[in-house]
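One structure is given below, encoded as structure tokens.
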Amino acid sequence: MSAVIKPQSNAPRGTPRPSPAALNAAAASFAALTARLDYLSPEDTDLVRRAYRFADEAHLGQLRNSGEPYITHPIAVAAQCAEWKLDAQALMAALLHDAMEDCGVTKSELIERFGAPVAELVDGLTKLDKLQFNTREENQAESFRKMLLAMARDVRVILVKLADRTHNMRTLADAPREKWARISNETLEIYAPIAYRLGLNQTYRELQELSFRHLRPWRYTILAKAVAKARGRRRDLIQKVQRELETAFSAANITVRIAGREKTLYSIYRKMEDKRLSFAQVTDIYGFRLIVSNVIACYTGLGILHQMYKPLPGKFKDHIAIAKLNGYQSLHTTLVGPSGVNVEFQLRTEAMHVVAESGVAAHWLYKAAEPSASNGDRLGTKWLQSLLDIQDETRDAAEFWDHVKVDLFPDAVYVFTPKSQIMALPRGATVVDFAYAIHSNIGDHTSAARINGDQVPLRTELKNGDVIEVITAPVSTPNPAWLGFVRTGRARSKIRHYLKTLAQTESEGLGEKLLAQALRAEGLGNLPADDADHQPIWDRLLRFTGSRNRAELLTDIGLGKRVASIVAKRLMALLAERGEKPDALMLSRERFTAHENVSQGAVTLDGSENSSVRFSLCCRPIPGDPIVGYLGHGEGLVVHTEACGVGQRLHYKDSERFFAVEWADEPVRNFETGVVITVRNDKGVLARVASTLAAAEADITHVEMAEETPQDSTDLRFVISVSDLSHLEAALRAVKRSPSVLSASRIVPPA
């Protein structure tokens, strides 16, 4: 976006005022633009003219730094787009590209006047303009380039943006000198590589040259003089080579168009810098581009060249058989010309030349030249696919860094931290992934987040260019539900590690409860204290169990790897050796209540237990059900209903692993159970039953229907979430009142 000077009524005398010539510049410029629109239909030309009039009116009174009317800038951008033969919508967007940002025009107004496609292009350009590149790190520059490409859903947005930047660089001399370095660096690091990636080689070279001129003006001037002097010295040599080429190709009946190709000042400067060469040591300043009619003529011409001059070993490249990533195709060879001067030659067809110079814009060039030709469509498809498959440049291995090894589309999004650092994350990544990418401690304590200033859920997927702010709280901890939506391996492993650590802590607590319960059955009210007096007892117990410490022993009991009753008996034997005897009253009371439903030593369950306690899926117990606890091997405490056939069979095989459990007075959550509802095969019956369950505040978590049969009725199997047994019974009564329901009952496992 260009700088805007807005007129002021009380401006000082030094304020630049537009000259009469400048005031006429806009009309003259648009007349020149109109002359380039001959490839458009009259209707499209009229649309472009309407966009010009609107932009001219919107920018009325605004001046550029040069003092020219501001409208000259959008016209110049549109003219560059016309050189690439872009369609009418892109040209309209080029004319309007600063209207939303500088003139207060709304997107809805653009939609109303020029249609949604043009408004979307202008909106995309406005969003790109708002991005600020404020770091000089190479990986940040690479990420920023990729983010620009990722944000532009339509490739025309990038093309108009490049045209905008090109004109701004051409007129950079009018801007304050203190801005030259920043704008030139940004152009070199961001926009020139994008132009290269899109195959816009002419724009790529021009952006580099203009940046070099304003970034290193003294070196630019010295090199320009050296190249001009060398050009004068070698004029005769160049003319001799051209005459010999024309003669040789004419003798072979090959039509050829010969063009000189001079290395840009910036590329000469980079070569001198990178290879520590003097100007005299740079030998490939000049070259020739030979444009022939077809691919066969390219290879035939290569043979002619190699007969005329001696080729340099290792300097031949076939980019026709293996095109570059950006679609570039040519044969390259370096030969020893007259007087021993190395000369580079490039051979290509006219179609290859168009692609080499115009890159992705060649799609529209071909469509304009051959509207019905399939070549253009193929080329366009190839280029658009190329945008979807953008990869890291392989010329410099240092540009590869771990988090951007994947292709840009469809696998990555580029987002900002509040401090404007760019982060690359996989496509589909969420706020939680972003939090863990910053630091695991931030991820563990994430409580809320804002994207672009708006509060969002933690499962919100990130989009290119989003600014994410993570809000943490000391009491917040990872939620197991996060595993259902996080995308990065880092976030997933950190959450699992936390939950695993939490599970061990919970299992240790459960193990302590179970061991205390088993000790009560042996007549001991509490576990021996973990102090110096009882340390010898614990040491001997740990040697007996093979555990490393007290915490590990209790965790193993909680996970079912050790049987609490056996550990309790061994502990009582060790205590007896010290003279500690069981409490006879407690011993008799525990034995008396051992077969009752509720024992004083029962483990209380309220639903807050995580991995240490599981509620069996065979019988799905809920509060109100008589229950028993089975300490499985390595799976913690598994809870069954007393009537469950699976639990009864386990009790018969391994009774010592069963423990008394009871429901808390006020469980903290709902529990799932299964119901089967037999209904008539009426229309909409499933919806009616689901609605009835919802009205009874029974959440449906799963539903199954029997396969379609010719019978009059069918079974609907639901898994529903209820608070307790009375809640379940109320929900079933509500369902039974429906005329379509024949029966409704809880699913009971077979005995």
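Would you mind checking the pairs Lys324/Lys494; Lys161/Lys324; Lys229/Lys271 and listing those with alpha carbons more than 31 angstrom apart? With Cα atoms farther than 31 Å apart: Lys324/Lys494.
Relative to the compact-globule estimate of 2.2 N^0.38 Å, the Cα radius of gyration of region 155-213 comes out at 1.04. Taking a ≥ b ≥ c as the square roots of the eigenvalues of the alpha carbon gyration tensor, region 221-369 is oblate, as a/c is not under 1.5 and a/b does not beat b/c. Need one word for region 441-489: rounded, prolate or oblate. Basis is the Cα gyration tensor (sqrt eigenvalues a ≥ b ≥ c); a/c below 1.5 gives rounded, then a/b vs b/c decides. Judged from the Cα gyration tensor, region 441-489 comes out oblate (a/c at least 1.5, b/c at or above a/b). In this calculation the C-beta distance from Ala448 to Ala695 is compared with R0 = 25 Å, giving a FRET efficiency of 0.15.
For region 425-440, putting each phi into the Karplus relation 6.51 cos²θ - 1.76 cosθ + 1.60 with θ = phi - 60° gives couplings of 9, x, 4, x, 5, 10, 4, 5, 4, 4, 4, 6, 5, 6, 6, 5 Hz, in residue order, rounded to whole numbers and with x for Gly and Pro.
Convex hull of alpha carbon positions in region 671-746: directionally averaged projected area 4.4 nm². Counting Lys and Arg as +1 and Asp and Glu as -1 over every other residue whose Cβ lies under 13 Å from the Cβ of Leu347, the net charge comes to +2. In terms of Cα atoms, the Rg and Dmax of region 462-520 work out to 17.5, 63 Å. Scoring 621-630, 535-544 by mean Cβ neighbours within 10 Å over their residues and listing the highest first yields 621-630, 535-544.
Measuring between their Cα centroids, region 199-234 and region 645-693 lie 80 Å from each other.
Just so you know, all these numbers are worked out from the coordinates, no wet-lab data involved. Because the structure is a prediction, the values reported are computed rather than measured. With ideal geometry, Cβ positions are generated from the backbone for all residues, glycine too; neighbour counts draw on all protein chains shown.
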